[in-house]
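Colleague: Attaching a single structure in structure tokens format; questions to follow.
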Amino acid sequence: MTARDPHRFVNELEKTAVERLIARLESRARDKVFTGLFDRYAAELIPGPGGKVLEVGCGTGATLRALVRREDFSGQAFGVDQSRDFITAARDFVAGEPFADRVSFAVGDAHQLDFADANFDVVFAHTLISHVTDPVSVLREMVRVLRPGGKLAIFDGDYASMTYALPDHDLGQRMDAALVKASFNNPRIMRDLPRMMPEFGLKLESAWGEAVVEIGKGSYFKSFAETYASYIVKAGFFPADVVERWLAAQQEAIEDGCFFASCTYYTYIARRA
Ligand SMILES: C[S@@+](CC[C@H](N)C(=O)[O-])C[C@H]1O[C@@H](n2cnc3c(N)ncnc32)[C@H](O)[C@@H]1O
């Protein structure tokens, strides 16, 4: 068995697993740890009046809804995702919102976007690039559909830095590595982007990183562990009983107020020449 990043291979998952991912994407979007990360760069994604924004890998549309809901947003928003189920959910979630006529969703592959060249003022990807098969092709496509002078934003975790405390340090380290390997195709891609961007005619305008840390209580990392730990077993990295004990130890730490987990996230804002 090998790792199958669930967000890359979502179209191969069973219905219940897809529903679980939909629930996780929506609950993550309500978690204040996560909304804080998006809010710190959302203003960068506002195009001029009537401008066009594309989110590549929009999932259930949670991030795009947060963007269009902003008072300073007056443009048109487009979301594309490979999962038909996610796109159906995205359309359902946006229906009835006062801004519904300014958002549209389509099924498509980030490696081969079905949009004309230079079509958008802003193109962004929020926790997509760590999952794709080939980040180079995805970056090329994002730049292709962006107009010259337009803005490109990429936000994602440096998942090689993700860690959960466990009294048995050796097992803890191996579980961290297994969880990351089972969940992400490209856990280190954010380290590569500053070097890759100029090759695609992108000038990095601003970039920052922030550590997401939960100490004592856990919500963001608790939900992450509960959603993705089963993929460690599916990948054959650890047997189910070991993973269950690890999950139980995390839950116990939360109950005892001594939970610890952290990961570093990065935001890159670049402009197409
Ligand atoms: C972690 S989710 C992020 C969803 C959304 N951006 C959010 O923050 O709620 C990653 C998304 O990338 C999508 N994805 C992964 N590989 C893709 C590809 N090659 N083309 C299009 N979407 C892809 C998945 O289907 C999933 O919806």
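Colleague: Go through the stretch 14-55 and report how many residues are more than 12 Å from the ligand (Cβ to nearest atom), within 24 Å of LEU204 (Cα to Cα), open to solvent by 10 Å² or more (accessible area, probe 1.4 Å) and in a helix (DSSP H, G or I).
Modeller: Of the residues in that region, 5 qualify.
Colleague: Could you please give the count of residues in the stretch 78-121 that are touching a residue at least 12 places away in the same chain (Cβ under 8 Å) and more than 30 Å from GLU14 (Cα to Cα)?
Modeller: Looking only at that region, the number is 8.
Colleague: Scanning the stretch 95-110 for residues that are assigned to a strand (DSSP E or B) and not aliphatic (A, V, I, L, M), which turns out nearest to the ligand (Cβ to nearest atom)?
Modeller: In this case the residue turns out to be ASP109.
Colleague: Something else about it: Could you tell me which residue of the stretch 133-145 is farthest from the ligand (Cβ to nearest atom), considering only residues that are in a loop (DSSP other than H, G, I, E, B) and open to solvent by 40 Å² or more (accessible area, probe 1.4 Å)?
Modeller: My answer is ASP134.
Colleague: Among the residues of the stretch 65-89, write down those that are part of a loop (DSSP other than H, G, I, E, B), closer than 22 Å to PRO47 by Cβ and touching a strand residue (DSSP E or B) at 6+ places or on another chain (Cβ under 7 Å).
Modeller: Within the stretch 65-89, just GLY75 meets the criteria.
Colleague: Continuing with this model, one more query. Sort through ASP92, ASP170 and tell me the only one that's outside any loop (DSSP other than H, G, I, E, B), open to solvent by 50 Å² or more (accessible area, probe 1.4 Å) and under 23 Å from GLU19 (Cβ atoms).
Modeller: From the options ASP92, ASP170, the qualifying one is ASP92.
Colleague: Another question, then. Mind checking which helices (runs of 4 or more DSSP H) fall wholly inside the stretch 195-270 and carry at least 2 residues that are touching a helix residue (DSSP H, G or I) at 6+ places or on another chain (Cβ under 6 Å), in contact (Cβ under 8 Å) with a residue 12 or more places away in the chain and among the aromatic types (Phe, Trp, Tyr)?
Modeller: 220-228
Colleague: If you don't mind, there's one more thing I want to ask. When the stretch 56-80 is examined, which residues are found to be open to solvent by 10 Å² or more (accessible area, probe 1.4 Å) and β-branched (Val, Ile, Thr)?
Modeller: Passing the criteria: only THR63.
Colleague: Continuing with this model, one more query. Got at least one residue in the stretch 114-132 being open to solvent by 10 Å² or more (accessible area, probe 1.4 Å), within 16 Å of the ligand (Cβ to nearest atom), under 19 Å from the mean Cα position of the chain (by Cα) and not aliphatic (A, V, I, L, M)?
Modeller: Checked against the condition, which is being open to solvent by 10 Å² or more (accessible area, probe 1.4 Å), within 16 Å of the ligand (Cβ to nearest atom), under 19 Å from the mean Cα position of the chain (by Cα) and not aliphatic (A, V, I, L, M), the stretch 114-132 yields at least one hit.
Colleague: Considering only the stretch 129-152, how many residues are of a type outside the set (S, T, N, Q) and touching a His at 6+ places or on another chain (Cβ under 8 Å)?
Modeller: Selection size over the stretch 129-152: 5.
Colleague: Inspect the stretch 74-82 for any residue being modelled with pLDDT of 95 or more and over 12 Å from LEU54 (Cα atoms) and give the result as yes or no.
Modeller: yes
The values are calculated or read from the model by the stated rules, or taken from the named source; none is laboratory data. Small disclaimer: the values here were computed from a predicted structure and weren't measured. Backbone-built Cβ (ideal geometry, glycine too); neighbour counts: all protein chains shown. In case anyone asks, the SASA skips ligands and DNA or RNA and just uses the protein heavy atoms, side chains included. Shrake-Rupley method; radii C 1.70, N 1.55, O 1.52, S 1.80 Å.
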